[in-house]
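First the structure, in the form of structure tokens, and then the observations on it.
Read-outs: derived from the displayed coordinates by stated rules, not from any lab. A quick note: this is a predicted structure, and the numbers were derived from the prediction, not measured. Quick reminder, even Gly has a Cβ in these numbers, built from the backbone with ideal geometry, and neighbours come from all protein chains shown.
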Amino acid sequence: MVGGKGHCVQRGSGKFDLQAYIARQDMAVMIARFAKVMKYALPKTMPLSEFTDQKAISAYAVEAAQEMQQATIIEGKVYPGEAGCFFAPDDQATRAEAVKC
């Protein structure tokens, strides 16, 4: 979960875990907050579309997930045998996803 002053990932113990994996929704929030602090307007290169698992995105991350989708920073996932495009908010962010940012 994004915590502290809103810039880093904080675990339930109230401590920051620098070695922990980061969820896709938390990465989205961190990027959106960084852009805001830097006064950088994220591009809206794609029209907003709803993910199949939109309701699984935590309330604190919905706006950031939408911003990342529109800016094509974080894309949806397609799973074999599943219909639709998923944000997969609790999935671990991959190195490829982090580097794209």
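Data for the structure
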| quantity | calculated |
| --- | --- |
| Orientation-averaged projected area, Cα convex hull of the stretch 23-100 (nm²) | 5.1 |
| Protection proxy ranking, peptides 84-91, 26-33, average beta carbon neighbours within 10 Å, highest first | 26-33, 84-91 |
| Where GluC sites (Glu not before Pro) fall in DSSP loop in the stretch 25-101, at most 11 other Cβ within 10 Å | E82 |
| Calculated FRET value between A96 and L18, using beta carbons and R₀ = 25 Å, to 0.05 | 0.75 |
| Sparse-neighbour loop sites [chymotrypsin sites (Phe, Trp or Tyr not before Pro); the stretch 14-67; at most 12 other C-beta within 10 Å; DSSP] | Y21, Y40 |
